[in-house]
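*Asks:* Could you have a look at this structure, given as structure tokens, before my questions?
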Amino acid sequence: MDSETLAESLIEAIGAAQDGARDRVQEMVTELMAATGLPAKVDTEAVLEKVGAIGDAARRRFDEHHDDLNEVRRAF
């Protein structure tokens, strides 16, 4: 697998993991609130936004590293 195909596959896998994490966070918050009997005061949308922001930052860093590696490869 060439580096571009590998990078695309990794980005897709990261996106799928982010989607799964976001869904699982929502499930966990819902389960926790139900188990404790507490009112749902947690802003799950804010939590999901934070998870998404972290994933987006990770993707940007991955892209930066990928670009850096391509520059090194071109230099050789």
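*Asks:* Pick from region 1-16 the residues that are within 25 Å of LYS50 (Cβ to Cβ) and touching a residue at least 24 places away in the same chain (Cβ under 8 Å): which of them is farthest from the chain's Cα centre (by Cα)? Write out each step before concluding.
*Replies:* The initial filter retains those residues of region 1-16 that are within 25 Å of LYS50 (Cβ to Cβ), namely 10-16.
Among the residues that remain, those that are also touching a residue at least 24 places away in the same chain (Cβ under 8 Å) are: 10-11, 14-15.
Numbers: LEU10: 11, ILE11: 10, ILE14: 6, GLY15: 6 Å.
It comes out as LEU10.
*Asks:* For region 29-69, how many residues are farther than 22 Å from SER3 by Cα, surrounded by 11 or more Cβ atoms within 10 Å (Cβ to Cβ) and at pLDDT 85 or above?
*Replies:* 1
The values are calculated or read from the model by the stated rules, or taken from the named source; none is laboratory data. Predicted, not measured: the structure shown is a model, and the values here were computed from it. Cβ: placed from backbone, ideal geometry, glycine included. Neighbour counts: every protein chain shown.
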